[in-house]
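> After the structure tokens below, expect a handful of questions from me.
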Amino acid sequence: MGALDSISKTYHAAVYLRLSREEGDVAEGGRAFSNSISNQKELVMDYLGSHAEIQVYSVYVDDGWSGVDFQRPEFQRMLDDIREGSVDCVVVKDLSRFGRNYIESGRYIEKIFPMLGVRFIAVNDGYDSLDEQYGNDMVIPFKNLINDAYCRDISVKIRSHMEVKRRNGEYIGAFAAYGYLKDPEDRNHLVVDGYAAGVVRDIFDMKLAGCSLKAIADKLNRDGILSPLQYKRSIGIRLESSFQKGMEPKWSYNAVLRILKNEVYVGTVVQGKCTTPSYKVKKRMYKDESEWVRVEDAHEAIVGRSEFELVQSLLARDTRVSPQKGRVFPLAGMVFCGGCGEPMVRKTVSSGNKRYVYYVCSGHKRDRDSCSSHSFSAKKLEESVLALMQTFIGKVLMLSEAAEIVGRVSGMAPDVGKVESRIAKLREEAEECGRRRKNLYEDFKDGILTKEEYSMLREQYQEQAARIEDSIMSLEKEKAGLRTGRTAGQEWVDALKRYKGVERLERGLAAVLIDRVEVMDSETLQVSYRFEREAEEMERFVMQYGEEAV
């Protein structure tokens, strides 16, 4: 007589049910019905109806949890009840519902449960740990191995599917970034959230105006602007965040920084920043930036690319905040020593009731032998830079007006299309010249050409190729000049137009226009502008075609 035929003990059972959408358990209609929580429960209860010795203590349901990970909340609650002695029997629909990790499933079924005196039943697999004959069979380890392999296969398919979505620019994050919402008609596409997008634009504008990150956060909090987490909750999105601190999360330095550095606001989706070693190990590992998947123009931008890049440049600079103020000094991070190239630092010296502010070389301050001790008055520096900027802006705007006039004169200059056509024709000639050069050697080997003829023709073709390349380079410059001259309303010129007649040095103006200020000595400055090349191309266009317009 077997062990099952002489049961006299009453068992207190845990009915364990699990369903994982991640594993693909509901990917197909038949499987979805078979593995549904309600179906699992009905099947187990029907089985227990014919086993009077087993009484249900509690039902434990892990809905939406992977079978690979045994840190499931209800599974852990069941283990706690087992340790307390409340449960001494576990019943599942089948082994795959218990778990899909071959090693861990076997450890529980073959070691932990027997040690704790727990009876284990897998209904559809016909397994009952009280049946000694079945317990010695190889079926259970084999089925656990199959379940493990199935989970590994599903994991590979999911990873591959997600990678395809990333490379297609489809957004696969759980939640949209602040400023966006998931498109109701396509959950892998982002659409602009009008209210939050306005806040994002304000944040970028405040940074360009010279506000520090803390000052931006403080203003948002004073104005009653909900933080990203609060805002998402207010519109019905339920989520938790590792960045939350306290019951009512507020705007912070880091919250503002995350927005300013996020490429999503220029329409770019950046995904695949981290991964897990395998389907069994859930620890997240960050990838090198070169491995990230970056797709541009995946959705509507909230800020312009040039504005975004300008902010990144500002964030990378040494932007010291004015004492007692929330603004950055106008030239912070832009002033360098013309001798050693080291940054110039702002230094305040008090003498009696007066305070003097200077820029001094940080290289000399650190090592007196590396550079001279020259300094420059902060007030004089800012006044001088402002005057130079006013001159540069005036020159650019004058060139812009002249370029517009030249561009309007009919037939004065070939348009970009014509220049591109000429370039294409020259490239065809270059290819033909290259083919002829290659054929020369074959003709020489076949005796068609003498050695002298071969050398002479080879040199001629080399000279022809060089002339064609020079012509192409010249036309490329002409094309760039045409585009610069004919589009005087382009973004960089429009930015300078806003500062026409400016009388005060502001951080926003300095950020837009200045790349670098070099202090040569206590009287001499050299300013490098961000749009010098564009201005030179515009001037070349005006000089080249302006004479023909007279």
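The values are calculated or read from the model by the stated rules, or taken from the named source; none is laboratory data. Here the structure is a predicted model, which means the values were calculated and not measured. FYI the Cβ positions are ideal-geometry reconstructions off the backbone, even for glycines, and counts take in every protein chain you see.
> Could you please give the count of residues in region 32-82 that are more than 16 Å from Asn124 (Cα to Cα) and assigned to a helix (DSSP H, G or I)?
Count: 11.
> Then there is this: Does region 366-377 include one or more residues that are surrounded by 12 or more Cβ atoms within 10 Å (Cβ to Cβ) and within 19 Å of Asp515 (Cβ to Cβ)?
Yes, there is a match, as at least one residue in region 366-377 is surrounded by 12 or more Cβ atoms within 10 Å (Cβ to Cβ) and within 19 Å of Asp515 (Cβ to Cβ).
> Taking region 454-477, which residues are acidic (Asp, Glu) and touching a helix residue (DSSP H, G or I) at 6+ places or on another chain (Cβ under 8 Å)?
Listed by number, the residues that qualify are Glu469, Glu476.
> Can you tell me which residue among Arg435, Arg422, Arg427 is part of a helix (DSSP H, G or I), farther than 30 Å from Phe541 by Cα and either at pLDDT below 75 or of a type outside the set (S, T, N, Q) (or both)?
Arg435
> Being in the same structural domain as Lys41 (by TED's automatic domain parsing), in contact with a Gly (Cβ under 7 Å, 6 or more places away or on another chain) and within 27 Å of Ser50 (Cβ to Cβ): is that true of Asp88 here?
Criteria met by Asp88.
> Can Ile393 be described as modelled with pLDDT under 80, out of contact with any Asp or Glu (no Cβ under 7 Å at 6 or more places or on another chain) and either part of a helix (DSSP H, G or I) or buried (at least 17 other Cβ atoms within 10 Å of the Cβ) (or both)?
When the stated conditions are applied, Ile393 does not pass them.
> Here's a check for you: in region 85-104, which residue that is of a type in the set (Ser, Thr, Tyr) and touching a helix residue (DSSP H, G or I) at 6+ places or on another chain (Cβ under 8 Å) is modelled with the highest pLDDT?
Among those that are of a type in the set (Ser, Thr, Tyr) and touching a helix residue (DSSP H, G or I) at 6+ places or on another chain (Cβ under 8 Å), it is Ser96.
> Let me ask something additional. For region 284-291, check the following and say yes or no: at least one residue is in contact with a Gly (Cβ under 9 Å, 6 or more places away or on another chain), modelled with pLDDT under 80 and among the basic types (Lys, Arg).
Within region 284-291, one or more residues are in contact with a Gly (Cβ under 9 Å, 6 or more places away or on another chain), modelled with pLDDT under 80 and among the basic types (Lys, Arg).
> Checking the condition without any contact (Cβ under 8 Å) to a residue 60 or more places away in the chain, assigned by TED's automatic domain parsing to the domain that holds Met45 and either under 46 Å from the mean Cα position of the chain (by Cα) or farther than 10 Å from Ala14 by Cα (or both), which residue from Asp69, Asp63, Asp81 passes?
It is Asp63.
> For residues in region 185-233 being at pLDDT below 85 and of a type in the set (S, T, N, Q), which is farthest from the chain's Cα centre (by Cα)?
That would be Ser212.
> Go through (1) outside any loop (DSSP other than H, G, I, E, B); (2) at pLDDT 80 or above for Ser306 and report which single condition fails.
(2)
> Same structure again: Please indicate, with yes or no, whether at least one residue in region 260-274 is touching a helix residue (DSSP H, G or I) at 6+ places or on another chain (Cβ under 8 Å), among the hydroxyl-bearing types (Ser, Thr, Tyr) and at pLDDT 80 or above.
The answer is yes, given that some residue of region 260-274 is touching a helix residue (DSSP H, G or I) at 6+ places or on another chain (Cβ under 8 Å), among the hydroxyl-bearing types (Ser, Thr, Tyr) and at pLDDT 80 or above.
> Residues of region 20-50 being of a type in the set (Val, Ile, Thr) and at pLDDT below 50, which ones?
The answer is Val26, and nothing else.
> Looking only at region 325-357, count every residue that is closer than 22 Å to Leu314 by Cα and surrounded by 13 or more Cβ atoms within 10 Å (Cβ to Cβ) and tell me the total.
Within region 325-357, residues that are closer than 22 Å to Leu314 by Cα and surrounded by 13 or more Cβ atoms within 10 Å (Cβ to Cβ) number 19.
> Also, quick follow-up: Restricting the first residue to region 330-349 and requiring it to be touching a residue at least 60 places away in the same chain (Cβ under 8 Å), which pairs with a second residue that is aromatic (Phe, Trp, Tyr) and surrounded by fewer than 16 Cβ atoms within 10 Å (Cβ to Cβ) meet a Cβ separation below 8 Å and a spacing of at least six or different chains?
none
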